[in-house]
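Here's the structure we're looking at; comments come further down.
The values are calculated or read from the model by the stated rules, or taken from the named source; none is laboratory data. These figures come from a predicted structure and were not determined experimentally. So basically every Cβ, Gly included, is an ideal-geometry build from the backbone, and we count neighbours across all protein chains shown.
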Amino acid sequence: MSSDLTGILPVLPTPFALGGDVDRLGMAKLTKFALAHGVHGVVFPGFASEVETLTGQERADLLKIVVAEVGGRVPIIAGASAATWEEVVAHGSAAAALGIRHLMVQPPKSVGIDAPALIDFLGKVLDALPSIEIILQNAPAPRGSDLSPAAIIEIITALPRVAYVKEETLPAGPAISHIIANAPQTLKGVIEGGGARYVLDEYARGATAAMPALEIVDEHVALTRAWNEGRRDEARQIYVRTLPLLVLQAVYRMRLTKYVLRRRGVIEHIDVRAPTPMLDDPACTDIDRNLSELGLLVAEAA
């Protein structure tokens, strides 16, 4: 596989101001933070961006900020999942107008899990957007459709511009192995998801990139560099010491991501729109201890 998308491709969160509006200055800061720590690309919007809570205008405005800050230095993957193929095309057209050529799409559950229907859905998108490639996102239920590896092989064989698969069903490892072993030559890479909680297993199986959340992106970049340079013991050491925080992130999701980014001095507010468990004092104390052990605690708690 010859991949344009490799390494760490974090999903950028959406910062909100105290009044609930999107924080445009915060969006610029988050993008700069990602770039400063050596990411290989960025993703916006995705599930971790609370995309379902954004208006069309908000997501378009924020994507423009990301594009301006990136300035062509790394690839940008624009999330374009929607309830209909026409809406996917609308999101994709806006991204393509900004020079973006990679779209991440999870077909809606209404399309089902059978390959012919999915090929029809994605084929219509590709026909309408001749300049883009699709990353097929295969998220687990209940949010995703839990597509089988066999269905994915049918899709990427029928549609060569579905050039990547983001595989994050559970367990993702065997699915990644099956896809890579049976993929057509047009597949450029399989990208791991799941918040990088299983990243070493999935790298070992041939995943070419990872899409974690942003809060400890420097750790994930260092892990990936060590792995790719053959320093596997070092990669494992980084992995093991990040796991306690990643386990908490699986529970508190975007609220933890924003709390950590505030504690690291990147953003001011941790407001979320998506339904997310609240962080109480013991949870914050646990998170802070993890950050201290990682050497990443900067800002005073508010």
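Looking only at residues that are outside any helix (DSSP H, G or I) and of a type outside the set (A, V, I, L, M) in segment 42-57, which one is surrounded by the fewest Cβ atoms within 10 Å (Cβ to Cβ)?
So the residue we want is Thr55.
So which pairs qualify, if the first residue must be in segment 81-94 and free of Cβ contacts under 8 Å to residues at least 40 places away in the same chain and within 14 Å of Phe121 (Cβ to Cβ), the second must be hydroxyl-bearing (Ser, Thr, Tyr) and part of a helix (DSSP H, G or I), the Cβ gap must be under 8 Å, and the two must be at least 6 apart or on different chains?
Partner pairs satisfying both residue conditions: Ala83/Ser110.
Return the residues of segment 129-173 that are in contact (Cβ under 8 Å) with a residue 40 or more places away in the chain and surrounded by fewer than 18 Cβ atoms within 10 Å (Cβ to Cβ); say none if nothing qualifies.
Arg143, Ala158
For Val266, are the conditions met, namely being surrounded by fewer than 18 Cβ atoms within 10 Å (Cβ to Cβ) and either hydrophobic (A, V, I, L, M, F, W, C) or touching a Pro at 6+ places or on another chain (Cβ under 8 Å) (or both)?
In short, no.
With the structure loaded, tell me whether Val221 is touching a strand residue (DSSP E or B) at 6+ places or on another chain (Cβ under 6 Å) and either part of a helix (DSSP H, G or I) or at pLDDT below 95 (or both) or whether it fails that test.
Judged against the criteria, Val221 is a match.
Which members of segment 52-79 meet the condition of being under 22 Å from Ala128 (Cα atoms), of a type in the set (A, V, I, L, M, F, W, C) and touching a residue at least 40 places away in the same chain (Cβ under 8 Å)?
Answer for segment 52-79, where residues must be under 22 Å from Ala128 (Cα atoms), of a type in the set (A, V, I, L, M, F, W, C) and touching a residue at least 40 places away in the same chain (Cβ under 8 Å): just Ile77.
Based on what the data block shows, is Gly38 crowded, with 21+ Cβ neighbours inside 10 Å and modelled with pLDDT of 95 or more?
no
From the list Ala60, Ala28, Ala68, which one is within 19 Å of Glu268 (Cα to Cα), in a helix (DSSP H, G or I) and among the small types (Gly, Ala, Ser)?
Ala28
Those residues that are closer than 19 Å to Gln249 by Cβ and within 15 Å of the chain's Cα centre (by Cα), I need them from segment 173-201; list them, please.
Those that are closer than 19 Å to Gln249 by Cβ and within 15 Å of the chain's Cα centre (by Cα): Ile191, Glu192, Gly193, Gly194, Gly195, Ala196, Arg197, Tyr198, Val199.
Would you confirm whether any residue within segment 225-248 is touching a strand residue (DSSP E or B) at 6+ places or on another chain (Cβ under 9 Å) and either within 30 Å of Lys188 (Cα to Cα) or exposed (fewer than 15 other Cβ atoms within 10 Å of the Cβ) (or both)?
yes
Suppose we filter Thr242, Thr186, Thr224, Thr208 for residues that are of a type in the set (Ser, Thr, Tyr), touching a Pro at 6+ places or on another chain (Cβ under 9 Å) and in contact (Cβ under 8 Å) with a residue 24 or more places away in the chain; which single one remains?
Selected residue: Thr186, the only one of Thr242, Thr186, Thr224, Thr208 that is of a type in the set (Ser, Thr, Tyr), touching a Pro at 6+ places or on another chain (Cβ under 9 Å) and in contact (Cβ under 8 Å) with a residue 24 or more places away in the chain.
I need the full set of residues from segment 259-301 which are among the hydroxyl-bearing types (Ser, Thr, Tyr) and either free of Cβ contacts under 8 Å to residues at least 24 places away in the same chain or in a helix (DSSP H, G or I) (or both), in order please.
Selection gives Tyr259, Thr285, Ser292.
Looking at Ala213, Ala181, which is the one that is of a type in the set (A, V, I, L, M, F, W, C), part of a loop (DSSP other than H, G, I, E, B) and out of contact with any His (no Cβ under 9 Å at 6 or more places or on another chain)?
From the options Ala213, Ala181, the qualifying one is Ala213.
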